[in-house]
Amino acid sequence: ATPLQVQLVVPVAVVFGPGSVPGDLPRPLPFRDVQEMEISVNVRSSVTSRYEMRYRSATGQEEAALAAATAREADAALHPLQDSTLGSLTMYVVPETSSLLPQGISVYVGKHRSALLRAGGSLAALQARLREVAQLMSFTASAIAAALSDRVPDGRLGPDTRRYLKSSLGYEITFSLLNPDPKSHTVDWDIEGAVNRYVKPVLDKLSLVANFSVDSQILYYAMLGVTPRYDKESSSFLLSAHSLPHVINPVEARLGSSAASLYPVLNFLLYVPERSHSPLYIQDKDGAPVSTNAFHSPRWGGIMVYNVEAPASPQASLPLHVDVDMARVMEVFLAQLRLLFGLSREEVPPEFLLESPGNEGLADWELDHLLWAHTVENIATVSTTLTSLAQLLDKIGNIVIKDDVASEVYRAVASVQSAVTKLSLGHLHAAFQASKEAVTSSERAFFDPSLLHLLYFPDDQKFAIYIPLFLPMAVPILLSLAKIVRETRLRKKEPTKMD
């Protein structure tokens, strides 16, 4: 891979509320401070994170907002007062004794781009806490390593890094209802209403990252492809963790959505088990039932098993009418969507309290988290694409490069340089847009039909084709030439006749 050097700059405003200023400040407020860290990816890729801290005292309006009764109210009141630029963070420092944060909580991360922190005594302790919160809210080393996973040796990556979806200009989401036993169950699901109510707010927020299209389908007689095991104790059927990977292939053959798609397809399947295999439960690796009765597959999507209650009387007429509880289903699918985008919140220290993003599905800082990772991944992708293109052109000396292909390459190089510059200035949104343009241009150039290497033959192949054609013609010509040369020599040697 080509050398990649990127500096990620995060502007952080640190605002001291009344009574929270540490006694050991090196100089009076306001002042600036910079914290740099190297994110080790591999020898040829260097990513530096640079947190530009601006320390200042709270304004009168901010003090009034910090006097709220709860952290949630304070966060809502502070939101209009803070810098809402993508990629920037605001940290409000409150006194150690403040009742704004619940007992045992030292950091509250809001829905937007700000957090509340307890002062923690000394400046050094505060700075360590600030660094931890800033990393959580912008990008972690593991998120950047995952974005550059193509450049990292396999052994160095954690198990989760290959779970996330790769950066793309668009994604297609397909919701499928699988009814393998329509004789027993008539299943109704209000997918349109559910998408508008639960999925649309999330996709509106994610529209900055990529374009999304959503469709849905109902498939009848679609089986899971794995026969569940009957458990006598619970008189139910079980799908064990090790059999789950075998569930997807037979179902995927029926989905038919990814064949004609330009973009990655995310599949969310709701499976209503047939009557002969009801109720059906999913077990985890330890044999315990999975509370959501669902599982997800990295970079593919998720499947949820929706059990139908058996009728009270055995004489009930079939098919049974089933109305799907869409709130319960969408809660699971949205959690899986967050997992696929790498937005899980599992690795948070216990003294951190993260505000729930509500119906928007993700907080503003989580959106930034995606933008940081996707920008770095786009830059790396363009660098790899252009290097591959250069190697191809080096290999084929007589290749013809059309003007429009050349201009796409120039545009890709200019855009990727612009993205790297914008990152080093802390302008996340502009950097992300430039990186997207660079990907589009580099792929247009790389996949241009005129650059297909099969159109050009190596010289040895040309000789192999043309020699058998020209050799039969060349033999009589060469023999005639030899005869002419011989005759000319003889003529020179003969003495000229003298009269």
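The values are calculated or read from the model by the stated rules, or taken from the named source; none is laboratory data. The structure displayed is predicted, hence computed values, not measured ones. As a convention, Cβ positions derive from the backbone with ideal geometry for all residues, glycine included, and neighbour counts pool all protein chains shown. These area figures cover heavy atoms from the full protein model, side chains too; ligands, DNA and RNA do not enter into them. Shrake-Rupley method; radii C 1.70, N 1.55, O 1.52, S 1.80 Å.
Could you please give the count of residues in the stretch 288-332 that are part of a loop (DSSP other than H, G, I, E, B), β-branched (Val, Ile, Thr) and at pLDDT 85 or above?
Of the residues in that region, 3 qualify.
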**Asked** Quick check, is Glu38 open to solvent by 80 Å² or more (accessible area, probe 1.4 Å) and either in contact (Cβ under 8 Å) with a residue 40 or more places away in the chain or part of a strand (DSSP E or B) (or both)?
**Response** yes
**Complete:** In the stretch 84-97, anything touching a residue at least 24 places away in the same chain (Cβ under 8 Å) and either open to solvent by 10 Å² or more (accessible area, probe 1.4 Å) or in the same structural domain as Lys205 (by the TED database) (or both) is listed as Ser84, Thr85, Leu86, Pro95, Glu96
**Message:** Condition check: modelled with pLDDT of 90 or more and either on the phi > 0 side of the Ramachandran plot or β-branched (Val, Ile, Thr) (or both). Does Val43 satisfy that?
**Reply:** no
**Prompt:** Across the stretch 424-450, what is the number of residues that are farther than 19 Å from Ala210 by Cα, open to solvent by less than 70 Å² (accessible area, probe 1.4 Å) and hydrophobic (A, V, I, L, M, F, W, C)?
**Reply:** 1
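Looking for whichever is farther than 30 Å from Ser207 by Cα and either surrounded by 21 or more Cβ atoms within 10 Å (Cβ to Cβ) or assigned by the TED database to the domain that holds Asp24 (or both) here; the options are Ala64, Ala74. Which one fits?
Being farther than 30 Å from Ser207 by Cα and either surrounded by 21 or more Cβ atoms within 10 Å (Cβ to Cβ) or assigned by the TED database to the domain that holds Asp24 (or both) holds for just one of Ala64, Ala74, which is Ala64.
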**Asked** Only one of (1) touching a residue at least 60 places away in the same chain (Cβ under 8 Å); (2) within 32 Å of the chain's Cα centre (by Cα) fails for Ile303. Which number is that?
**Response** (1)
**Message:** Considering only residues that are open to solvent by 10 Å² or more (accessible area, probe 1.4 Å) and under 13 Å from Phe16 (Cα atoms), which ones fall in the stretch 99-118?
**Reply:** Arg118
**strands (runs of 3 or more DSSP E) wholly inside the stretch 171-244 that include at least 2 residues being over 15 Å from Glu274 (Cα atoms) and open to solvent by 30 Å² or more (accessible area, probe 1.4 Å)** = 211-220
**Request:** Just one of (1) buried (at least 22 other Cβ atoms within 10 Å of the Cβ); (2) closer than 30 Å to Asp181 by Cβ; (3) of a type outside the set (Lys, Arg) trips up Val308, so point out which.
**Result:** (1)
**Message:** Just to be sure before I move on: is Ser213 outside the structural domain of Ala373 (by the TED database) and on the phi > 0 side of the Ramachandran plot in the structure I sent?
**Reply:** no
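Would you be able to say whether some residue in the stretch 265-283 is without any contact (Cβ under 8 Å) to a residue 12 or more places away in the chain and out of contact with any strand residue (DSSP E or B) (no Cβ under 8 Å at 6 or more places or on another chain)?
Within the stretch 265-283 (the criterion being without any contact (Cβ under 8 Å) to a residue 12 or more places away in the chain and out of contact with any strand residue (DSSP E or B) (no Cβ under 8 Å at 6 or more places or on another chain)), the answer is no, since none of the residues qualifies.
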**Item:** Candidates Thr375, Thr421, filtered to the one that is in a helix (DSSP H, G or I), on the phi < 0 side of the Ramachandran plot and touching a strand residue (DSSP E or B) at 6+ places or on another chain (Cβ under 9 Å)
**Value:** Thr375
**Item:** Selection within the stretch 245-259 - assigned to a loop (DSSP other than H, G, I, E, B) and out of contact with any strand residue (DSSP E or B) (no Cβ under 6 Å at 6 or more places or on another chain)
**Value:** Gly256, Ala259
**Item:** Selected residue (criterion: most open to solvent (accessible area, probe 1.4 Å)) from residues of the stretch 386-406 that are farther than 23 Å from Leu4 by Cα and outside any loop (DSSP other than H, G, I, E, B)
**Value:** Lys395
**Unique match (being aliphatic (A, V, I, L, M) and within 22 Å of Leu339 (Cβ to Cβ)) among Val290, Val272** = Val290
**Prompt:** Somewhere in the stretch 256-271, is a residue over 14 Å from Phe175 (Cα atoms), modelled with pLDDT of 85 or more and aliphatic (A, V, I, L, M)?
**Reply:** no
**Complete:** From the option list Phe457, Phe470, single residue qualifying as at pLDDT below 90, open to solvent by 90 Å² or more (accessible area, probe 1.4 Å) and outside any helix (DSSP H, G or I) is Phe457
